[in-house]
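Student: Attaching a single structure in structure tokens format; questions to follow.
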Ligand code: ADP
Ligand code: MG
Ligand code: MG
């Protein structure tokens, strides 16, 4: 059962990497408005490295937690930049909450997502409203938890939560960055969404679509 979950994890990383490759220019342009323009490149590099590491780990027969640890470490090492470090930590923490010897339940997904948010905030210290990927991740986790508590399946809950993340990421356009590289050029950023929040929402939706099959 753990092997089945590990295979889904690899498939999810693979589809996220494919998606991000297609969004590289768009994310780069968005990051160039008030940041340094490398977000698309970083996400492409990080996710590609994560996929490679995940395949290697699955080949060694390990469970989903170890696959995500390997993927997270590779992502952080190869992406460069703040978002790479945060994505790496998020994947590791999510993986820690996935069971190795039974199929993951909707509750496991909610616990994993909560752990990922906690790790991102422990490392990055961003609060809601600072115009970072936390502004998409926090509503994702909240909606995932509430959907799971109301009895939704893991797939259904993930899809609902991914929609909430998209709305929240788009809504960051109104915000002024209060942390990260975009802060000095905060005024230029107003009217455009945060690149890290947008890429996260893209990835979460892609995983939701993949879970439906
Ligand atoms: P860098 O800013 O180092 O060039 P990227 O361009 O890859 O890294 O990522 C920028 C994104 O990282 C921002 O759009 C924001 O979403 C996210 N980010 C930056 N600082 C933080 C933080 N302290 N906490 C959470 N997310 C952050
Ligand atoms: Mg950047
Ligand atoms: Mg950079």
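Computed from the coordinates by the stated procedures, all read-outs in this text should not be read as laboratory data. Everything quoted here is computed from the prediction, not taken from an experiment. Cβ coordinates were reconstructed from backbone atoms using ideal geometry, including for glycine residues, and neighbour counts include every protein chain displayed.
Student: Compute the long axis of helix 81-96 from its Cα atoms, compare it with the longest principal axis of the Cα atoms of the chain, and write down the angle in degrees, 0 to 90, nearest 10.
Tutor: 30 degrees
Student: OK, next. So for region 145-213, Kirkwood radius off the Cα pairs, Stokes-Einstein at 4 °C and 1.567 mPa s: how many µm² s⁻¹? Mind showing how you got there, number by number?
Tutor: Details: Rh = 13.1 Å.
Using the Kirkwood radius from Cα pairs, D works out to 99 µm²/s.
Student: For 44, 132, what's the fewest-to-most ordering of other Cβ within 10 Å of each Cβ?
Tutor: Starting with the residue having the fewest Cβ neighbours, the order is 44, 132.
Student: Using the C-alpha gyration tensor of region 1-62, what are the square roots of 5 times its eigenvalues, in whole angstrom, with the largest one first?
Tutor: 29, 10, 7
Student: Hey, what D do you get for region 87-178 in µm²/s if you plug the Kirkwood alpha-carbon radius into Stokes-Einstein at 25 °C and 0.890 mPa s?
Tutor: On the way: Rh = 13.5 Å.
In µm²/s, the coefficient is 182.
Student: Would you give the gap between the C-alpha center of region 154-213 and the C-alpha center of region 65-81, rounded to a whole Å?
Tutor: 21 Å
Student: Measuring from a point 7 Å past the Cα of residue 146 along Cα-to-C-beta, which residues in region 107-123 have an amide N at less than 17 Å?
Tutor: 110-111, 114
Student: Still on this structure, please answer the following. In µm²/s, what is D for the chain at 4 °C and 1.567 mPa s, where D = kT/(6 pi eta Rh) by Stokes-Einstein and Rh is the Kirkwood radius from Cα pairs?
Tutor: 77 µm²/s
Student: Related question: Taking the alpha carbon gyration tensor of region 26-94, what are the square roots of 5 times its eigenvalues, largest first, to the nearest whole Å? Mind showing how you got there, number by number?
Tutor: Working: eigenvalues 133, 23, 10 Å².
For region 26-94, the ellipsoid semi-axes come out as 26, 11, 7 Å.
Student: Moving on to the next point. At a 10 Å Cβ-Cβ cut-off, how would you order 133, 204, fewest neighbours first? Please report the intermediate quantities before stating the final value.
Tutor: Values: 133 30, 204 25.
The most exposed by this proxy come first: 204, 133.
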